[in-house]
Amino acid sequence: MHQPRRRDRRLARRVPPERVRRQSSQLTAAGADVVLVGYFSAKQKDFEALMTSAAAELAARGARVIVHIVQRRGVSDGGVQKMGLPYSSRTLLSYGKVREVAQACDQAKADAVIFVASLTERQQRVLTAMLGRPAVSLSDILAAD
């Protein structure tokens, strides 16, 4: 007769994942051609000044900002209730804006993409894979120097 299947009660041996090294430690801003990406809610009216100051910070560290791209939340869709939230928890941006950033990076032959907003490690991994170049936040670059 058939014996019931026994579950293996031992805990699976998992190799702890190697800690993901932050891309900012590998990326030096000096001499790099970068695409600067800003993510702002519609409530934030001074986003152009923030983008300009971020570009100045990068230029002071030797990076050349080739392209500026801005994603505004709550301007066209999503409504007022969602203005503070990212479009996507994986990429921060909408899918169309990620494609636009990737196309701009390919055309400009950029070395990296720098986000004015802070990114989680998961967002860094996903965006780096989608864009084909390191994606880091400005705060990581400033902290590394």
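A few points about this structure:
- In the assembled protein chains, TYR39 presents an accessible area of approximately 30 Å² (probe radius 1.4 Å).
- Available extension along the chain between THR120 and ALA143 is 6.8 nm, counting 0.36 nm per residue and deducting the alpha carbon span.
- Share of carbon and sulfur in the accessible area of region 91-142 stands at 49%, probe radius 1.4 Å.
- Only protein heavy atoms count here; on that basis, with a 1.4 Å probe, SER118 has an accessible area of about 90 Å².
- Taking label points 7 Å from Cα along the Cα-to-Cβ direction, ARG90 and ALA30 give a separation of 3.8 nm.
- Here the extension length gained between LYS109 and ASP46 equals 19.8 nm, from 0.36 nm per residue of separation less the Cα-Cα distance.
The values are calculated or read from the model by the stated rules, or taken from the named source; none is laboratory data. A quick note: this is a predicted structure, and the numbers were derived from the prediction, not measured. As a convention, Cβ positions derive from the backbone with ideal geometry for all residues, glycine included, and neighbour counts pool all protein chains shown. SASA here: full protein model, heavy atoms, side chains in, ligands and nucleic acids out. Shrake-Rupley method; radii C 1.70, N 1.55, O 1.52, S 1.80 Å.
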